[in-house]
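The values are calculated or read from the model by the stated rules, or taken from the named source; none is laboratory data. Remember, predicted model here, so these are calculated numbers, not experimental data. Don't worry about glycine lacking a Cβ; one is built from the backbone with ideal geometry, like all the others, and counts go over all protein chains shown.
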Amino acid sequence: MTPPVEGMLAPAVVLVSPAGPIAIPDPLGKSVVLMFYQEASTPACAAQITSLHAESALLDALGSMAVCVSTDDLERQASFADVLGVPRSLLAADCDGEAARAYGVYDESSGRSRRAAFVISGEGLIALAVPWYNPSNSGQLLAIFTALGVDVQQSEELAHG
């Protein structure tokens, strides 16, 4: 399956997290940053998750939520969240790869998802699709917040002004 593109209806999935089930798109109409990562306890995946978690106050202010998903089981997710110092509700398990397949980012050869990011609007539409996410590419992180409605250029001017 190919990844959904902007403007498409987001595939509906239910993920399991150490804090309970998470429905995507959000049934309450929140925008969702759906971040797929490859494997718990790896440096690149830790950077991917912590960079998103570092912006949790902004996500809250925007009325949005973030979910970071891998094919690791719930126990490994919970342990990884604890090591990173992030809420367990931020991480979710996709042990069978069903969500990664629905979003077109499942790697059959490794049995894991690729790094990818999707922003899903409160209406359930794909607002941004980054099927090859690179945690060291700050432009991709900025694109996520632009898709959520943040005027990134104006924010940067205020920070440097």
Quiz item: Based on what the data block shows, is Ser17 farther than 17 Å from Ser138 by Cα and either of a type in the set (Phe, Trp, Tyr) or touching a strand residue (DSSP E or B) at 6+ places or on another chain (Cβ under 6 Å) (or both)?
Solution: yes
Quiz item: Can you pull out the residues in the range 79-122 that are closer than 17 Å to Glu6 by Cα and touching a Leu at 6+ places or on another chain (Cβ under 8 Å)?
Solution: Tyr103, Ala117, Phe118, Val119, Ile120
Practice problem: Filter the range 28-56 down to residues that are among the aliphatic types (A, V, I, L, M) and surrounded by fewer than 18 Cβ atoms within 10 Å (Cβ to Cβ), then give me how many there are. | Solution: 5
Practice problem: May I ask you to list the residues in the range 79-112 that are at pLDDT 95 or above, of a type in the set (Ser, Thr, Tyr) and closer than 25 Å to Leu28 by Cβ? | Solution: Tyr103
Quiz prompt | All positions within the range 96-105 that are surrounded by fewer than 22 Cβ atoms within 10 Å (Cβ to Cβ) and touching a strand residue (DSSP E or B) at 6+ places or on another chain (Cβ under 8 Å) | solution = Gly97, Glu98, Ala102
Quiz item: Could you say which residue among Val86, Val69 is crowded, with 17+ Cβ neighbours inside 10 Å and without any contact (Cβ under 8 Å) to a residue 40 or more places away in the chain?
Solution: Val86
Practice problem: Test Gln153 against the criterion of being modelled with pLDDT under 90 and of a type outside the set (A, V, I, L, M, F, W, C), and give yes or no. | Solution: yes
Quiz item: Does the range 123-142 hold any residues that are within 16 Å of Val5 (Cα to Cα), surrounded by fewer than 19 Cβ atoms within 10 Å (Cβ to Cβ) and of a type outside the set (D, E, K, R), and which are they?
Solution: Gly124, Leu125, Pro131, Trp132, Gln140
Quiz item: Where in the range 46-161 are there helices (runs of 4 or more DSSP H), lying wholly inside it, with at least 3 residues that are closer than 16 Å to Val14 by Cα?
Solution: 98-102
Practice problem: Scan the range 1-27 for residues that are surrounded by fewer than 15 Cβ atoms within 10 Å (Cβ to Cβ), part of a loop (DSSP other than H, G, I, E, B) and modelled with pLDDT of 90 or more and report the count. | Solution: 6
